[in-house]
Amino acid sequence: MTASKYHLSPDRFFDPNPAQLKVAMALYLTIADSPLVCPHGHVDPRLFADPDYTFGSPVELLIIPDHYIFRMLYAQGIPLEKLGVPRVDGGESETDHRLIWQLFAENFYLFRGTPTGSWLTEELQSVFGIDEKLTGENAQIIYEQINRKLKSPEFRPRALFEQFDIEVLCTTNTATDTLKHHQAIRDSDWNGRILPTFRPDAIVNIDTVGWRDEIDKLSDVSGIDVVSYTALIEAMENRRSFFKKMGAKATDQAALTAYTNRLSDAEADVIFQRALKGTATPQDAAQFTGHILMEMARMSIEDGLVMQLHIGSYRNHNAVIFDRFGLDKGADIPIATDFTRAIRPLLNAYGNHPGFSLILFNLDETTYARELAPLAGHYPAVKLGPPWWFHDSLNGIRHYFDQVMETAGLYNTTGFNDDTRAYLSIPARHDVWRRASADWVAGLMVRGIVDEEDAYEMTRALGYDLAKRAYNL
Amino acid sequence: MTASKYHLSPDRFFDPNPAQLKVAMALYLTIADSPLVCPHGHVDPRLFADPDYTFGSPVELLIIPDHYIFRMLYAQGIPLEKLGVPRVDGGESETDHRLIWQLFAENFYLFRGTPTGSWLTEELQSVFGIDEKLTGENAQIIYEQINRKLKSPEFRPRALFEQFDIEVLCTTNTATDTLKHHQAIRDSDWNGRILPTFRPDAIVNIDTVGWRDEIDKLSDVSGIDVVSYTALIEAMENRRSFFKKMGAKATDQAALTAYTNRLSDAEADVIFQRALKGTATPQDAAQFTGHILMEMARMSIEDGLVMQLHIGSYRNHNAVIFDRFGLDKGADIPIATDFTRAIRPLLNAYGNHPGFSLILFNLDETTYARELAPLAGHYPAVKLGPPWWFHDSLNGIRHYFDQVMETAGLYNTTGFNDDTRAYLSIPARHDVWRRASADWVAGLMVRGIVDEEDAYEMTRALGYDLAKRAYNL
Amino acid sequence: MTASKYHLSPDRFFDPNPAQLKVAMALYLTIADSPLVCPHGHVDPRLFADPDYTFGSPVELLIIPDHYIFRMLYAQGIPLEKLGVPRVDGGESETDHRLIWQLFAENFYLFRGTPTGSWLTEELQSVFGIDEKLTGENAQIIYEQINRKLKSPEFRPRALFEQFDIEVLCTTNTATDTLKHHQAIRDSDWNGRILPTFRPDAIVNIDTVGWRDEIDKLSDVSGIDVVSYTALIEAMENRRSFFKKMGAKATDQAALTAYTNRLSDAEADVIFQRALKGTATPQDAAQFTGHILMEMARMSIEDGLVMQLHIGSYRNHNAVIFDRFGLDKGADIPIATDFTRAIRPLLNAYGNHPGFSLILFNLDETTYARELAPLAGHYPAVKLGPPWWFHDSLNGIRHYFDQVMETAGLYNTTGFNDDTRAYLSIPARHDVWRRASADWVAGLMVRGIVDEEDAYEMTRALGYDLAKRAYNL
């Protein structure tokens, strides 16, 4: 039995109505080959610092680091050890990558109808030239095909950067990062545009394991002895300034809720001192985060960095998995979120400032129409980021257009970002967005809501302009 | 460069599937020209009291009073002063209406794909005969065209009332309103049907600025010295009776949450006395509102007025804008809402009464399928109002049909109301509803869920019958 | 005037786009006639224990026991007494079934566009051969037609079981049920597969009326004197073991919220003793339920029964109706639900266990994409049940596919169950699911998301395989 060829349909993801499909395709073609603007993501800058960087095996590239993939296999009872995911305690994990790949291939049917399945199918075909559907039978042949390509010069990250036609790619970096990889890129003769993003989570989340060590690191890199709340703020300003010099356009922060509330410096320091002594309560941590968000907004107004805020992920929900495998193992679960009341203090203090830009991301789709679109459609500072994480999918994007655009207006949104660690999936992800964008605009046009001139401009804005403008790129 | 002509498509807003579109159009045509029933809205009765009332400039008509419009420009950083919105402190605001119109026209692209954009496009074309898309280039010509029409006798509000074929239009009036404009209409020889609606918010929201003055006004107009809770109730009954004599069919009330709870008269008076002294707490205000809702239901059973309830808008979210420009400046943001537990006391006390009709409106679409439809599909008193405010749009209406109708049943809903201050947008708003209704019913018919006979009756119910029946018009 | 013939369209419920419709029909035909797997429902096993069981009148079969139907008439002001619903106090209720049927028929238009309307239309046509739309005019003729059929041998429940091609049907039984009807079926020569399901609600919900009596019953049937918490657990284990011997594959439990929390045995017993004395608080009841859920999970791991959990129905919302007519009278209203935090203790304790299967059901659709799909797409134990109750409808199923599948993956869901008391509606309900499934998969295929091979396998999984596998049938 031969494995079925998988042909990517040229009009995939479009509404099948012939009238709409024709318009969608015409709109899509105007944006399909535009350069990729990647203002937010998690690609490792090391890939570009070393001109000869090579990816490891197909499994090192595609399975072990991708929690989208292994969570689905884990959900069906396959232990993470069998997929090569390393244990925190150094316990045994499968090391035979061909065996891991075989297991993955045999279970690839689990991804039917999922975005992960679509991205991987497109990546295999467009990037690796593999047009057979992955099965247990062809697993080893396909492994070999990928493996061979990965060793070729065309698969160096810098070469792919050109091939993918990436105009700019922003990485996400902890506040204490020395940005040595970014420096190496700047020092090299390669002129790919790789910019850092300032992420303070590790130094401001006083309730996370390892926070104390991060504060020490912060003292080291900033040259400021972070023994007080005011020293912390000073060190943060110092690091932001350094990031900005290194090309950063934005900051990013994640918080469980959108709670914001200004403390006095004295109140903030009382909490900070408790944290240094290891006696801070969860309540303290929530108060401190709510206050730091206010300060991050203030600093953004002062230094002009765009402020990104990701709300609503309950991290490390599965304690068993966290203890055994650590962070980011597919066990972060969204919660219901309130913005209207929670973020009001921040918006009342800074939301009317003409120089401030706050891009909001959320995992609770019910807030799109109810809270986020009305906020973005009123406050000059507020813009909405594209659908995030679980919602960065064909349906997720459709829900977003459906629930955000009427009230927020297109121009209070920020186009697309791929938010990915998986460098090779970047073109596939942007392509889904561009197709879904063209399809949405085509739907408006065939319903007589926008005319052709508007339709072309809206498609271009979604696929290219808005992201550049929102991040001052 | 000539501005593009904007032709309203005769089959706009319908699903583009040819089979469905054909049915939708046939259904729509049976209701497209029916008289407009407007049971709830905010048009100023003054427009009809004076037979020679004229609208001011295009900007006075279309921009300055319309927070849908200026909020979108404000969200892009355009100060409200530049749009002529008057400041509370009498500070400077732009007075050159041609300049304001120019600024609006240059930014009209911001409304692409929004309901405001659709309504305005239709209004300009159908009411003013302007078939060019508004741009910075043609702004002044179009201003002149509108301005000229506005001065003509055909644009007197009474003339437009006939032209729009409005069968009845209900206004919304504070409890202390003398209804002198309604009286003037009744005293005139014009027989347009303009009915008042009793809205007690200003006299029962004890935590709002100016409440004390409203109580004094209430004492004046009712002739009852409102010095106690029982006097307040007596005065409310007095005013409801007056409104009813003046033709009112309904009351309306807005509350942040659907919390209801009966207090004893003594408890209610303790809070009322604190409020008179200015020492009531926010908790007091919430308790008092929860109790007044119970009393409003009781009174509705006694006097037969339909009870409308609008839940879930966090008013004046932006303190800076509220302080500078006052109420209703596009800064009201919805919140997540619970009905199931909150409104249970009211429904347990009055929801089974055959003579009681309670029409619910909400801004949290998640309550449609989860709470509102099951409540409307059980309690004899409960009916669902059409989608409100941000959701009074093509998508909002689609969500409503999609999430309400299966469980509530069509006949526990109340058709459409335009809920608008913008008198000239009324035909456009009803047309969107009628088209969306026909499209929804057509979708059921082509899927074999209802037959042709049912489809025609459902379309007629949605476009005309239900609203008349729900409000006893 | 003759009543209109109602022809069930062979392609009903499919998207009308010709390309999608063609694929949907082809997929549907592969599953349309497969045997029905009914792993969860509320059909009375008495129907099958007596080979000569006959249904009563059309009204006894279709109106009086069906709260889907009489709630809609009640919502329009028709007293339940007029529909023959018996009063708790023995007060008068209509006994003339022809009169009740007439009233129902005259109001059948209320069900336009509702799932109840669709099921009943299909049931009348496919099961009873009635192809006229029910109206006040033909009510008595149709009553007679149904009545005659109901008396025929072809309408014995066992005969219909064969005719419907039911492969297995699971009933739901209280923990104290002696399962005598199941025993009678096993003792008979009929080999229809009717399995019990263990439902402990009545013995563990310490705040419900009659709980004390249920504990006495439990002592009787288990032979264990249930005077303490540990005795309760022992008795539950005893009953589960008995149910398992009688063929049970699963348990089921309903709770208002998904709150879980392990108590110590001593803490649990303190609450249990208060409950025996009638002094337990609502807080006690919530804590006890949260603890019992932990124990039910533990027992499932030990005895292998699948654990079903139904969350989010606020039962008996209308106290007037509850006092007059009792339970299950169409007045259960959903509430907003949190799973992420509430069910974490249970999942952290048992969710990684390879032998544990927990099927979740919920009435708050917003949890699909936000919480349930991410949980099912990670924890090996968690599977999602199909849309429940109000959402067991064409739109409800579409929402489910739209919001669950991308993140959860098809194979972490459990196919369909009809969850019905209405035995004769079973084929209609499964048919809606199978059509909606085929339509959803067809939508993926015409959008190029899955290929034909995948599409056929997915349709089969949805329509047959997943339910069998999830319940070990």
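The values are calculated or read from the model by the stated rules, or taken from the named source; none is laboratory data. If you're wondering where the values come from, they're calculated on a predicted model, not measured in any experiment. Neighbour counts run over all protein chains shown; Cβ positions are idealised from the backbone, glycine included. Ligands, DNA and RNA are excluded from the accessible area calculation, which covers all protein heavy atoms including side chains. Shrake-Rupley method; radii C 1.70, N 1.55, O 1.52, S 1.80 Å.
Worth a mention:
- Within the straight-line cut-off of under 24 Å between alpha carbons, the lysines reachable from residue A:244 are A:180, A:217, A:383, A:468, sequence neighbours fewer than 8 places apart in one chain being disregarded.
- Put a dot 7 Å past the Cα of residue B:189, heading toward its Cβ, do the same for residue C:81, and the two dots end up 5.6 nm apart.
- Within the protein assembly as shown, percent of DSSP bridges classed antiparallel, to nearest 5: 10
- Distances from residue A:216 to itself in the other copies, using label points 7 Å out along the Cα-Cβ axis, amount to 6.8, 6.8 nm in increasing order.
- Chain-alone versus full-assembly comparison, segment C:436-459, residues with accessible loss of at least 40 Å² (1.4 Å probe): C:447, C:448, C:449, C:451, C:453, C:454
- Listed residues C:406, C:167 arranged by accessible area, highest first, probe 1.4 Å: C:167, C:406
- Each residue, residue A:92 and residue A:180, gets one label point 7 Å from its Cα in the Cβ direction; the gap between the two is 3.6 nm.
- Measure of compaction for segment C:313-411 (Cα Rg per 2.2 N^0.38 Å): 1.23
- Take residue B:42: with every protein chain present and a 1.4 Å probe, its accessible area is about 50 Å².
- Over all Cα atoms in segment A:87-213, the spread is summed up by Rg and Dmax: 19.4, 50 Å.
- Counted over chain B, the DSSP beta bridges are approximately 10% antiparallel.
- Mean separation of Cα contacts under 8 Å, 6 or more apart, over the residue count of chain B: relative contact order %: 20
- Mean partner shielding of peptide B:360-369, defined as the number of other chain Cβ atoms within 10 Å of each residue Cβ, is 4.
- The orientation-averaged shadow of the Cα convex hull for segment B:51-108, equal to a quarter of the hull surface, comes to 4.7 nm².
- Reach of residue B:133 by Cα under 25 Å, taken over lysines that are not fewer than 8 positions away in the same chain: A:22, B:5, B:82, B:149, B:151
- The residue among A:147, A:218, A:206 whose Cα reaches farthest toward the positive pole of the charge dipole of segment A:132-241, with charges on the beta-carbon of Lys, Arg, Asp and Glu, is A:147.
- Surface share of carbon and sulfur [accessible, 1.4 angstrom probe, percent] for segment B:394-458: 46
- Buried surface between chains C and A: roughly 4000 Å² of accessible area, summed over both sides, computed with a 1.4 Å probe on protein heavy atoms only.
- Shielded by partner chains, segment A:317-349 residues - at least 20 Å² of accessible area, 1.4 Å probe, vs chain alone: A:317, A:318, A:319, A:320, A:333, A:334, A:335, A:336, A:340, A:341, A:344, A:348
- Helices meeting the span-like rule in chain A (full DSSP H runs, Cα extent of at least 20 Å along the helix axis, mean Kyte-Doolittle score of -1.0 or higher): A:229-245, A:282-303, A:394-408, A:426-446.
- Summed side-chain charge close to residue A:435 - residues other than residue A:435 whose Cβ falls under 9 Å, Lys, Arg +1, Asp, Glu -1: -1
- Heavy-atom accessible surface of the protein assembly as shown, averaged per residue, reaches 35 Å², computed with a 1.4 Å probe.
- Cα principal axis extents for chain B, largest first, Å: 72, 60, 46
- Residues of segment B:8-41 buried by at least 50 Å² on assembly (accessible area, 1.4 Å probe, chain alone as reference): B:16, B:17
- Which of C:373, C:61, C:166, positive extreme of dipole for chain C (C-beta unit charges): C:373
- Average partner coverage of A:376-384, which counts Cβ from other chains inside 10 Å: 5
- Kirkwood hydrodynamic radius of the protein assembly as shown, Cα pairs, Å: 34.0
- Accessible-area composition of segment C:199-303, carbon plus sulfur, in percent [1.4 Å probe]: 53
- Heavy-atom surface analysis with a 1.4 Å probe gives segment B:1-142 a carbon and sulfur content of 54 percent of its accessible area.
- Of every Cα-Cα pair in segment B:3-132, the percent that sits beyond 27 Å: 36
- Residue-span extension gain [residue B:327 to residue B:273] - 0.36 nm each, minus C-alpha spacing: 16.8 nm
- Taking every DSSP bridge with both residues inside segment C:206-346, close to 25 percent are antiparallel.
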